[in-house]
Amino acid sequence: MSAIKAGNDDFFKLHQEFSAPIYQPYSIVFEKAEGCWFWDKERKKYLDMFACYSTLNQGHRHPKIIEAVKKQLDKITLTSRAYLNEELPIFLQELCRISEMEQAIPMNSGAEAMETAIKVARKWGYYKKGIPKGKAEIIVMEKNFHGRTVTNISFSTIEKFRDGFEPFTPGFVIVPFGDIEAVKKAINKNTAAVMLEPIQAVNGINLPPEGYLKELRMLTKNHNVLLIFDEIQTGLGRTGKLFAWQWENAKPDILCLGKALGGGIYPVSAVLSSEEIFSVFNPGDHGSTLAGNPLASAVGLSSLKVIMEENLAERAKKMGEHLIEELRKLNHSNIKSIRGKGLLIGVELTVDAEPYIKELLELGIVSLTVQKNMLRFTPPLIISDEEVEYTVEKVSRLFH
């Protein structure tokens, strides 16, 4: 037990010994978090400019979400979807209201949500559109990231996610992101859906051309093809709108949410669509043991309330514009471009970004790379003007 009471290095060694090597974390051990800040075992303070891939939109340990968890823990935490609890219907009602959808399927993780959307699209293709069984195709985008299940990596174009996990799930057609003509050419009578992230978050902070989402919406409608948006990272305020599709009024047929839906407290995800599309499912066709449990529902409802009551989408727009404006004042040969929307921001470099991540940690800033050459800045949406200035001051030390 002596190692467990020690500092960062001892915990790092303990992790290396007992954790399978699917992650290689930095040797800092965070002990406490609140708002936009971390504290490590040595009591050093760090500003969180990462927010766990947009999971912490409401900030760390938001008091309203914590209070909701405490109340629910004293009441009921788990039943089964075979029985009703009073928390789930209320959560789903609010989720459908703010997303402008009719029905929802609660799940646990983002990857589960994407798998669910694929199953919905395929069954809809067979039973509603009349695609021959086994022939359904889903059009996806190059450089996509929809999770790490075997099916989700089957249509990834990032080799490190795929190597050693063959054979892959068939039925996907890959086209360049942002190229509407490529989608037009790929659509055929067996196309069930087009699926994409409105902004690609993991593989480059890639924004599509203006009007692309709206054109996709029109194209898929004209061809009786479902449009699926993965808003697990871009949704719930991150881009400056509640959902990224709202920037172009390109409402999808199926919407996948996760991460911030759990408020950084508990895993919660969901797939939303219309009653007509979900009618392809019968009881027993799909499910998950823990999905929609009372605790998850209470967390999800509280997380949504915080986002709406504190106007976090509008805050993300304002603070994101400010942060991008300040970062663009940096004039350095190693900076190639700065791009983003709301508080989903990437600083593309002409060199490897990893040394900069380590230097930022030394300066008290938590960030992460996007691919090898990009710094990712995606703080909690509650970030203040002072915290933005703190970030800019620290980053400017690296590019002087």
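The Cα atoms of segment 100-309 give a gyration tensor whose axes a ≥ b ≥ c have a/c under 1.5, which makes the shape rounded.
On C-alpha positions alone, give me the angle between the axis of helix 312-327 and the longest principal axis of the chain, in degrees, nearest 10. Tilt of helix 312-327: around 50 degrees.
For a straight C-alpha distance cut-off of 19 angstrom, the lysines reachable from residue 214 (same-chain residues fewer than eight places away being disregarded) are 184, 185, 241, 251, 341. Compactness check for the chain: Cα Rg over 2.2 N^0.38 Å is 1.00.
Neighbours of residue 177, meaning other residues whose beta-carbon lies under 10 angstrom from its beta-carbon, give a summed charge of -2 when Lys and Arg score +1 and Asp and Glu score -1.
Peptides 235-243, 55-63 ranked from most to least packed by the mean count of surrounding Cβ atoms within 10 Å: 235-243, 55-63. Seen from residue 308, the other residues with C-beta closer than 11 Å to its C-beta sum to a net charge of -2, counting Lys and Arg as +1 and Asp and Glu as -1. When each of the peptides 285-291, 111-117, 214-220 is scored by the mean number of other C-beta atoms lying within 10 Å of its residues, the order from highest to lowest reads 111-117, 214-220, 285-291.
Which trypsin sites (Lys or Arg not before Pro) in segment 67-100 pass both tests, a DSSP loop state and at most 14 other beta-carbon atoms within 10 Å? Passing sites in segment 67-100 are 75. In the neighborhood of residue 386, defined by Cβ-to-Cβ distances under 15 Å, what is the net charge if each Lys or Arg adds +1 and each Asp or Glu adds -1? For residues surrounding residue 386, the net value is -2. Could you tell me which of the pairs 129/221; 75/305; 44/394 are separated by over 18 angstrom between their Cα atoms in the structure shown? Going by Cα-Cα distance, 75/305 fall outside the 18 Å limit. The peptide list 190-199, 11-20, 127-136, put in order of mean Cβ contacts within 10 Å with the highest first, becomes 190-199, 127-136, 11-20. For the chain, the relative contact order comes to 23 percent (Cα pairs under 8 Å, sequence separation of at least 6). Measure nothing fancy, just the Cα-based angle from helix 8-18's long axis to the longest principal axis of the chain, in degrees from 0 to 90, nearest 10. So the inclination is approximately 40 degrees. Using a Gaussian network model of the chain in which every pair of alpha carbons under 10 angstrom is joined by a spring, one finds that among 25, 252, 294 the greatest mean-square fluctuation is at 25.
All of the numbers you see were taken from the coordinates with simple rules; none came from a lab. Since the structure is predicted, the reported quantities are computational estimates derived from the model, not experimental observations. Note that we place each Cβ from the backbone using ideal geometry, even for glycine, and neighbour counts take in every protein chain shown.
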